[in-house]
1. For the stretch 6-52, how many residues meet the condition of being outside any loop (DSSP other than H, G, I, E, B) and either under 30 Å from Glu80 (Cβ atoms) or at pLDDT below 85 (or both)?
2. Does Leu55 qualify as being out of contact with any strand residue (DSSP E or B) (no Cβ under 7 Å at 6 or more places or on another chain) and at pLDDT 65 or above?
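The values are calculated or read from the model by the stated rules, or taken from the named source; none is laboratory data. Treat the numbers as computed from the prediction; the structure is a model and nothing was measured. Backbone-built Cβ (ideal geometry, glycine too); neighbour counts: all protein chains shown.
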Amino acid sequence: MLAIEADIEAPEKSKMFTEYPRITADHHMIECITDCLRLIVGGNLACVGLSSSVLFDKSNPRTPVNRRISIIVMTQQLEEAAQATDAAPGVKPGDPPSPVAH
């Protein structure tokens, strides 16, 4: 995460942002994105990518409309409740994730 701090602090000079001129032209969008990224880098916010699991355009999975993230802000109590409901049988909240086979 530390690798993007320069991008966050100077988005107008960032290759990550300048590749998307429509976004860099929108001052409010840049402020929103960089503020959220600051929270993520600081460990105060979770970010979940949904593009491969919830497609807007199922006929074309690689279309840009499917590339997005959801930013979810929860209290500690809500996070614990969500983890308790979503946990697989036999998995307790806080258990390390299982390795994923590729």
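1. As a first pass, look at the stretch 6-52 and keep what is outside any loop (DSSP other than H, G, I, E, B): 6-9, 11-13, 15-18, 21-24, 27-41, 46-49.
Checking which are either under 30 Å from Glu80 (Cβ atoms) or at pLDDT below 85 (or both) leaves us with 8, 32-41, 46-49.
Counting residues in the stretch 6-52 that are outside any loop (DSSP other than H, G, I, E, B) and either under 30 Å from Glu80 (Cβ atoms) or at pLDDT below 85 (or both) gives 15.
2. Values: out of contact with any strand residue (DSSP E or B) (no Cβ under 7 Å at 6 or more places or on another chain): yes; at pLDDT 65 or above: yes.
It is true that Leu55 is out of contact with any strand residue (DSSP E or B) (no Cβ under 7 Å at 6 or more places or on another chain) and at pLDDT 65 or above.
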